[in-house]
Ligand code: NAI
């Protein structure tokens, strides 16, 4: 049976996922689209052959839609994910699950009450071959126990609407999710240091920021978030273990030698850097949904990432060490 997917949010990543489904997926098609920007949605509907819905809620309730992909603005995720759960439909929601932990927790509560997993969150790094390789080494203890992790999240430049809190709540959430997955444990405390601010930033953005996390077993993590680094999109992760270190590999580019210099291209943005991961996460979501199951980053994972981000924002604003006190994982997410 072909899975009929309804997409809410036909902006940048929404269009990207629509192309991805059309390109890569037998077994699914985009049957419906919706966006508050009707002109944008109409254009996508015309080119993809999907049905246009003015309201996301009507798309979710439609009998012509089996599963939902939410790629609208952060602040709208909660209402669409809750509506999907209410309609008993599987939903893939781009990160963050909600802008703050309260909204994410309401989603966890609704899914728990429904008694089955319906939500997957778009933390695509879990599908990146480099992170998968790191996890294998760490979980197999091939280098002994992990002790420290050094990470960097760098973007070439940030827009004037990008703020100090977005660096943590919108960008570093990827780090919070992937590191918890890599180490297979939760965080217990957070601190944030504000280094000297780059002259390339603006009044509403303190850039860079340095996040320090500690896990339950005592692993110390530092994450540099630097969104005006000027040279490209660069994601780094080095895990220091008892018997050696392991670093995140990147998809390779050819090496050019000319004019007395050797050079390798650096990715311009996340779409190029994580393309294989986006393909794999959507592929897995379609297969699992068609089989009636849910896999990948759960609503609980989405909640924990958002909760950690809120703790880090508090730590930055107060300058203090803030405990990250996460409640016990509900039974639905323990398997
Ligand atoms: P965008 O601004 O290009 O697109 C957002 C779309 O949502 C716009 O077309 C807008 O009109 C629509 N929208 C706003 N309010 C709406 C509402 N009430 N109902 C329906 N549609 C509404 O933004 P972009 O970059 O596509 O990001 C969308 C989401 O995807 C964000 O939550 C973002 O954090 C996430 N994202 C995730 C990435 C990842 O690496 N996993 C990468 C880029 C974005």
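Give the residue, chosen from 295, 239, that is modelled with pLDDT of 95 or more and either under 17 Å from the mean Cα position of the chain (by Cα) or within 19 Å of residue 183 (Cβ to Cβ) (or both). Show your work before the answer.
Numbers: 295 fails: modelled with pLDDT of 95 or more.
Among 295, 239, only 239 is modelled with pLDDT of 95 or more and either under 17 Å from the mean Cα position of the chain (by Cα) or within 19 Å of residue 183 (Cβ to Cβ) (or both).
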Just checking, how many residues over the range 93-108 are surrounded by fewer than 23 Cβ atoms within 10 Å (Cβ to Cβ), within 12 Å of residue 310 (Cβ to Cβ) and more than 10 Å from the ligand (Cβ to nearest atom)? 5
Could you tell me whether residue 162 is crowded, with 20+ Cβ neighbours inside 10 Å and touching a helix residue (DSSP H, G or I) at 6+ places or on another chain (Cβ under 6 Å)? no
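Can you give me the ranges of the helices (runs of 4 or more DSSP H) entirely in the range 246-335 with at least 2 residues that are closer than 23 Å to residue 189 by Cα and touching a helix residue (DSSP H, G or I) at 6+ places or on another chain (Cβ under 9 Å)?
Details: elements: 270-273, 275-290, 299-318.
Fully inside the range 246-335 and qualifying: 299-318.
Considering only residues that are assigned to a strand (DSSP E or B), away from the ligand (no atom under 14 Å from the Cβ) and crowded, with 19+ Cβ neighbours inside 10 Å, which ones fall in the range 1-56?
Start the filter on the range 1-56 by keeping residues that are assigned to a strand (DSSP E or B), which leaves 3-8, 28-34, 51-53.
Still in the running and away from the ligand (no atom under 14 Å from the Cβ): 3-5, 28-31, 51.
Across the range 1-56, the qualifying residues are 3, 5, 28, 30, 31.
Do we have any residue at all in the range 63-77 that's in a helix (DSSP H, G or I) and in contact with a helix residue (DSSP H, G or I) (Cβ under 6 Å, 6 or more places away or on another chain)? It would help to see each step written out before you state the result.
At the first step, the residues of the range 63-77 found to be in a helix (DSSP H, G or I) are 74-77.
Pick out the ones that are also in contact with a helix residue (DSSP H, G or I) (Cβ under 6 Å, 6 or more places away or on another chain) and you get none.
Looking for residues that are in a helix (DSSP H, G or I) and in contact with a helix residue (DSSP H, G or I) (Cβ under 6 Å, 6 or more places away or on another chain), one finds none in the range 63-77, hence no.
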Name the pairs: first residue in the range 66-80 and closer than 16 Å to residue 20 by Cβ, second residue within 8 Å of the ligand (Cβ to nearest atom) and not in a strand (DSSP E or B), Cβ to Cβ under 6 Å, at least 6 apart or on different chains? 70/77; 70/80; 71/9; 71/13; 71/14; 71/94
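This table checks each residue for (1) closer than 28 Å to residue 74 by Cα; (2) crowded, with 16+ Cβ neighbours inside 10 Å.
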{"residue": "136", "(1), (2)": "no, no"}
{"residue": "139", "(1), (2)": "no, no"}
{"residue": "143", "(1), (2)": "no, yes"}
{"residue": "147", "(1), (2)": "no, no"}
{"residue": "153", "(1), (2)": "yes, yes"}
{"residue": "157", "(1), (2)": "yes, no"}
{"residue": "169", "(1), (2)": "yes, yes"}
{"residue": "180", "(1), (2)": "yes, yes"}
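Against the definition (in contact with a helix residue (DSSP H, G or I) (Cβ under 9 Å, 6 or more places away or on another chain) and at pLDDT 95 or above), how does residue 12 come out, yes or no? Working first, answer last.
Working: in contact with a helix residue (DSSP H, G or I) (Cβ under 9 Å, 6 or more places away or on another chain): yes; at pLDDT 95 or above: yes.
Yes.
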Kindly indicate whether residue 255 is exposed (fewer than 12 other Cβ atoms within 10 Å of the Cβ) and touching a strand residue (DSSP E or B) at 6+ places or on another chain (Cβ under 9 Å). yes
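The values are calculated or read from the model by the stated rules, or taken from the named source; none is laboratory data. Given the structure is predicted, the values throughout are model-derived calculations rather than measurements. Every residue, glycine as well, gets a Cβ built from its backbone with ideal geometry; the counts of neighbours run over all protein chains shown.
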